[in-house]
Amino acid sequence: METGILPQLKDLGLILVLALAACGSAAGTGVAGMAAIGAWKKNFTQNKSASFLLVALVGAPLTQTIYGNIVMTKMIELANKGHYLWGVGAFAGLAIGLSAYFQGKCAACACDAMGETGKGFGNYLAILGIIETVALFVMVFTLIILGKLTGV
């Protein structure tokens, strides 16, 4: 085992990309989930049917955790070769996590609107898809950078 603090922290970038992406997913689904519960409560108190489609809106930010895991898996190759990727992990994870968080906030607005009107589900999904694209871009561009670092 390597001694010294720096070699022991070479895996920090790996966990940063996953943890920050997952934190964004957790916050985003939490915000959206609270809005879905509020919309359902409103529907129930008005004796209206409560749409189960809100669950799809709430779950939208979860995919960013998968993107963080994909990037982390690629980073493992470089970490095993002794590369320190703290910056890559921190900034890619932050960008992916922010995408998840703001996707959750938009999903919360969509839950409120859907609970009120019962309409517009496809429109709301389109907006969430646009926000998702940010995380996909970050993942793809980070994988390209990591590929160039490995010489692939």
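No lab work stands behind these numbers, since they all come straight from the coordinates. Everything quoted here is computed from the prediction, not taken from an experiment. Don't worry about glycine lacking a Cβ; one is built from the backbone with ideal geometry, like all the others, and counts go over all protein chains shown.
Spacing of the modelled spin labels on residue 52 and residue 91, each 7 Å from Cα toward Cβ, amounts to 4.5 nm.
Remark: spin-label model distance residue 137-residue 84 equals 3.1 nm, labels positioned 7 Å along the Cα→Cβ axis.
Our analysis of region 1-65 gives Rg over Rh at 1.35, with the two radii drawn from alpha carbon positions and Rh computed by the Kirkwood formula.
Listed by chain and number, the lysines placed with their C-alpha closer than 25 angstrom to that of residue 10 are 74, 81, 148; residues fewer than eight positions away on the same chain are left out.
Rounded to the nearest 20 debye, the dipole size of the chain about its Cα centre is 240 debye, using +1 on the Cβ of Lys and Arg and -1 on the Cβ of Asp and Glu.
What is the calculated FRET efficiency for residue 144 to residue 9, with r their C-beta to C-beta distance and R₀ = 25 Å, to the nearest 0.05?
It comes out at approximately 0.50.
Taking the Cα atoms only, what angle lies between the long axis of helix 63-80 and the longest principal axis of the chain, rounded to 10 degrees? Compared with the principal axis, the helix lies near 0 degrees.
Which value, in Å to one decimal place, does the Kirkwood hydrodynamic radius take for region 11-147 when every pair of different Cα atoms is included? For region 11-147, the Kirkwood estimate is 15.4 Å.
Each Lys and Arg contributes +1 and each Asp and Glu -1, all at the Cβ; summed about the Cα centre of region 1-80, the dipole is approximately 540 debye.
Its DSSP H runs of at least 4 residues, each contributing -39,500 (n - 2.57), put the calculated 222 nm mean residue ellipticity of the chain at -28000 deg cm²/dmol, to the nearest 500.
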